[in-house]
1. Yes or no: region 76-84 includes at least one residue that is under 22 Å from residue 3 (Cα atoms), touching a helix residue (DSSP H, G or I) at 6+ places or on another chain (Cβ under 6 Å) and touching a residue at least 60 places away in the same chain (Cβ under 8 Å).
2. Across region 7-44, what is the total count of residues that are touching a strand residue (DSSP E or B) at 6+ places or on another chain (Cβ under 6 Å) and of a type in the set (A, V, I, L, M)?
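Any read-out appearing in this document is the output of simple, stated calculations on the displayed coordinates, not a laboratory observation. The shown structure was predicted, so the numbers you read here are calculated from the model rather than taken from an experiment. FYI the Cβ positions are ideal-geometry reconstructions off the backbone, even for glycines, and counts take in every protein chain you see.
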Amino acid sequence: MDTSTDDAWADYVRDLGVTLNRARHSAGLSQERLAHMAGLTRHHYQQLEKGESRPNRPANPSLRHVLALAQALGVEMVDLLPRPFPDVTEGR
């Protein structure tokens, strides 16, 4: 990926983290409880809410994890995905 694609992805996963945080608060769940319900560790879930897998490195959540979180929150997976979707094919 080129730099602009990397930046777009980093922005997107930060937006996903904001969406997860809002959905979790709306459901009245703690990070620990939601993580447990979705089969994740609290640390992994915290990384997703931050949008980072390591400091200054964007997260790349698996489809399985996003689906598990949606199911635990009682929402459709697509409702967790921010719009517009980033173009991750740039530079190919």
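1. Yes, region 76-84 contains a residue that is under 22 Å from residue 3 (Cα atoms), touching a helix residue (DSSP H, G or I) at 6+ places or on another chain (Cβ under 6 Å) and touching a residue at least 60 places away in the same chain (Cβ under 8 Å).
2. Keep residues of region 7-44 that are touching a strand residue (DSSP E or B) at 6+ places or on another chain (Cβ under 6 Å), which gives 9-10, 13.
From what's left, of a type in the set (A, V, I, L, M): 10, 13.
Going through region 7-44 one residue at a time, the tally reaches 2.
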